[in-house]
1. Those residues that are open to solvent by less than 20 Å² (accessible area, probe 1.4 Å) and either farther than 12 Å from residue 373 by Cα or modelled with pLDDT under 95 (or both), I need them from the range 392-411; list them, please.
2. Could you say which residue among 38, 100, 31 is at pLDDT 95 or above, under 23 Å from residue 123 (Cβ atoms), open to solvent by 10 Å² or more (accessible area, probe 1.4 Å) and not hydrophobic (A, V, I, L, M, F, W, C)?
3. List every residue pair whose Cβ atoms lie under 8 Å apart, where the two residues are 6 or more positions apart in sequence or sit on different chains, the first residue falls within the range 277-303 and is farther than 29 Å from residue 72 by Cβ, and the second residue, located anywhere, is in a helix (DSSP H, G or I).
4. Any residue in the range 241-260 that's farther than 23 Å from residue 169 by Cβ: show its pairings with residues that are assigned to a loop (DSSP other than H, G, I, E, B) and among the charged types (D, E, K, R) at Cβ separation under 9 Å, as long as the two are six or more apart or on different chains.
5. Considering only residues that are over 21 Å from residue 389 (Cβ atoms) and assigned to a loop (DSSP other than H, G, I, E, B), which ones fall in the range 349-376?
6. What are the pairs with Cβ atoms under 7 angstrom where one residue, in the range 24-52, is of a type in the set (Gly, Ala, Ser) and the other, located anywhere, is buried (at least 16 other Cβ atoms within 10 Å of the Cβ)? Sequence gap at least six, or different chains.
7. Which one is nearest to residue 255 (Cα to Cα), of the residues in the range 170-219 that are outside any helix (DSSP H, G or I), without any contact (Cβ under 8 Å) to a residue 60 or more places away in the chain and open to solvent by 10 Å² or more (accessible area, probe 1.4 Å)?
Amino acid sequence: MKTDFSEGFYSNDSDKETLATRNTLLTEQVDTARQEKDKLLLFLKSKLAGYLGLKVAYWIQGSFKNHTVIRPVRSSDEFDVDVGLYIFADAEAQSLNASDAKSLLNKALQAYCESHSTAKLEDAKPNCERISFPDNFHIDLPLYYIDEQIGKCRLATENNGWIDSDPKALQSWFDNQIKDLSDTEKARLRRVIKAIKTWVSLKNIKLPSIAISTFIARNYIGYASEEYAIWKLSSSLTNHIITGGRILSPINGDDLISAKDEELDELKSACLQLQNVLKAVALSESIVVSHQLWSIEFEHVLPPLNSLKVQAGSEILPAITTPPQISVKPSSGVPEQVLNNVSVYRGDKLSFRVHNKSDYSAGSEVIWMVRNTDKDAGLKNDLGHNQRFDISESVTENCEYRGKHFMECTILNAGQIVGISSVAVNIYQQQRPVRNPPKKRYGPVR
């Protein structure tokens, strides 16, 4: 690779904006989820044991257990916590039907929601029950029985009875697979998994987390940089899928992707698009252009261009590029002007357009990329979005979150980047003051 964009993916400085910081849940989000989880499990363990007359325990599983959970990529999305509930008995030997066991769990969850107004019981899933909370997360609760004497573990399903399933065995395999890596490499491996999960979520395609984790654990070696690790493993995974490769469970040989024909076609199409971007990244001689290329796939979750050491307009930009001049018009009535930094109040609106559009060829397009930073936006999982317009069109955005955010402008012509620039948007904490506040009244109140 001709450049190293690793600082855009990870930094030892946790205060620096990177893909790793932007796809990681905030401490407040994790703490809230844990508190709700602990209250729920304390209740369920007792309630379900009372219904069944059997010992019940639980075990955290999935991405939370594996430290690969990602922050939702859209404000409307949720993150999930997976907790397996375990009945310590051979349920089938005791004639406990899987559907009946799930119904009892559902009954216990209904009782919990009746006494906890923030919890909402969702429709039952084929292989688990789900309870959601207002802070953009939900808890999935699969139900198992476990016979420790013979090592049998089976999952309760709605339509297929009890089926073989042992998440603990898969987690043990994963931990054993990476045990010889250093702590630094283990952390990088998990960041690669999270990066690919972020891409999957942005593209809205079917590639389960368990399939990603299994593939990366099997194929991970040491890498010279963060960018190269993500580049190489993304390339290997997408090529494997495009060429018809499957990802099989190391426990029972099941197909971990298990996609329908239409879903598989969409997955392969997205993989081909990522492959094209990876090839362009490998040839890029500019960190700024690398940022823009990676942004095609990682969109607003990638950090702002301004967070890089090299800024747009520097000597490393290709000679063919002409930085766009961005004209900004606030809703407050301030005259429109070309700016690279603007300060506004919460609740204001800003309109953006390319002021020097005549510098570009006819048919050029502009990608406007909002990249939100700071905690207010982070707590709402609103890291940004992008829109694509003809170069002559303007775009209007709401100013909702206090802090410093960025509007990036990328000019494209015939698919090539011909201009890059951005505007820093500083949003005050308070709403805009009323221009003519009501006058004080004096005298007796009537």
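1. First, pick out the residues of the range 392-411 that are open to solvent by less than 20 Å² (accessible area, probe 1.4 Å): 395, 399, 405, 407-411.
Matches in the range 392-411: 395, 399, 408, 409, 410, 411.
2. On the way: 38 fails: under 23 Å from residue 123 (Cβ atoms); 31 fails: under 23 Å from residue 123 (Cβ atoms).
Matching residue, one of 38, 100, 31: 100.
3. Listed by first residue and then by second, the contacts come to 282/231; 284/290; 284/293.
4. Short answer, once both residue conditions are applied: 259/206; 260/206.
5. In the first step, residues of the range 349-376 are kept if they are over 21 Å from residue 389 (Cβ atoms); the result is 373-376.
Across the range 349-376, the qualifying residue is only 373.
6. Qualifying pairs under 7 Å: 33/81; 33/137; 49/56.
7. Pass one, the range 170-219, residues outside any helix (DSSP H, G or I): 178-182, 204-208.
The next check asks that each one be without any contact (Cβ under 8 Å) to a residue 60 or more places away in the chain; those that pass are 178-182, 204, 208.
The next check asks that each one be open to solvent by 10 Å² or more (accessible area, probe 1.4 Å); those that pass are 179-182, 204, 208.
Details: 179: 24, 180: 26, 181: 27, 182: 30, 204: 20, 208: 11 Å.
It comes out as 208.
Condition check ((1) more than 20 Å from residue 53 (Cβ to Cβ); (2) open to solvent by 50 Å² or more (accessible area, probe 1.4 Å); (3) outside any loop (DSSP other than H, G, I, E, B); (4) acidic (Asp, Glu)) across all residues:
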position	(1), (2), (3), (4)
92	no, yes, no, yes
104	no, no, yes, no
107	no, yes, yes, no
131	yes, no, yes, no
163	yes, yes, yes, no
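The values are calculated or read from the model by the stated rules, or taken from the named source; none is laboratory data. It should be emphasised that the depicted structure is a prediction, and the values quoted were computed from it without experimental measurement. We place every Cβ from the backbone using ideal geometry, glycine too, and count neighbours over all the protein chains shown. Calculation scope for accessible area: heavy atoms of the full protein, side chains included, ligands and nucleic acids excluded. Shrake-Rupley method; radii C 1.70, N 1.55, O 1.52, S 1.80 Å.
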